[in-house]
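Asker: Submitted below is the structure of interest, expressed as structure tokens.
The values are calculated or read from the model by the stated rules, or taken from the named source; none is laboratory data. Model, not experiment: these values are computed from the prediction. Because the Cβ atoms are built from the backbone with ideal geometry, glycine has one as well, and the counts that use them run over all protein chains shown.
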Amino acid sequence: MLRNLTITVPNHFWATDITYIPLQKGFMYLVDIIDLHIKYVLNWFVSNTMDAS
């Protein structure tokens with residue numbers, strides 16, 4: 001999708017990632033939002049559930 005696109009300004013495109021962190025009794029979930037121009041994490045959140053709240 002972004003292969004032929006040049007990102008020249010901040011806040012033009014963001015990406016998100018969900019990382020599963022295994023624990024002894026389940027998982028923690030790390031969600032982050034990344035600005036693809038400056039390659040900086042704009043926000044992140046850790047949760048023990050995958051619900052929207």
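Asker: Please note which strands (runs of 3 or more DSSP E) are completely contained in region 7-49 and include at least 2 residues that are exposed (fewer than 12 other Cβ atoms within 10 Å of the Cβ) and of a type in the set (Phe, Trp, Tyr).
Answerer: 40-47
Asker: What are the pairs with Cβ atoms under 9 angstrom where one residue, in region 29-53, is farther than 15 Å from Ala15 by Cβ and the other, located anywhere, is of a type outside the set (S, T, N, Q) and not in a strand (DSSP E or B)? Sequence gap at least six, or different chains.
Answerer: Close Cβ pairs satisfying both conditions: Tyr29/Met50.
Asker: Sticking with this one: Select, from Leu30, Leu5, the only residue that is at pLDDT below 90 and not acidic (Asp, Glu).
Answerer: Leu5
Asker: Checking Ala52 against (1) surrounded by 10 or more Cβ atoms within 10 Å (Cβ to Cβ); (2) under 16 Å from the mean Cα position of the chain (by Cα); (3) assigned to a loop (DSSP other than H, G, I, E, B); (4) among the aliphatic types (A, V, I, L, M): exactly one of these is not met. Which one?
Answerer: Tallying (1) surrounded by 10 or more Cβ atoms within 10 Å (Cβ to Cβ); (2) under 16 Å from the mean Cα position of the chain (by Cα); (3) assigned to a loop (DSSP other than H, G, I, E, B); (4) among the aliphatic types (A, V, I, L, M), Ala52 fails exactly one: (1).
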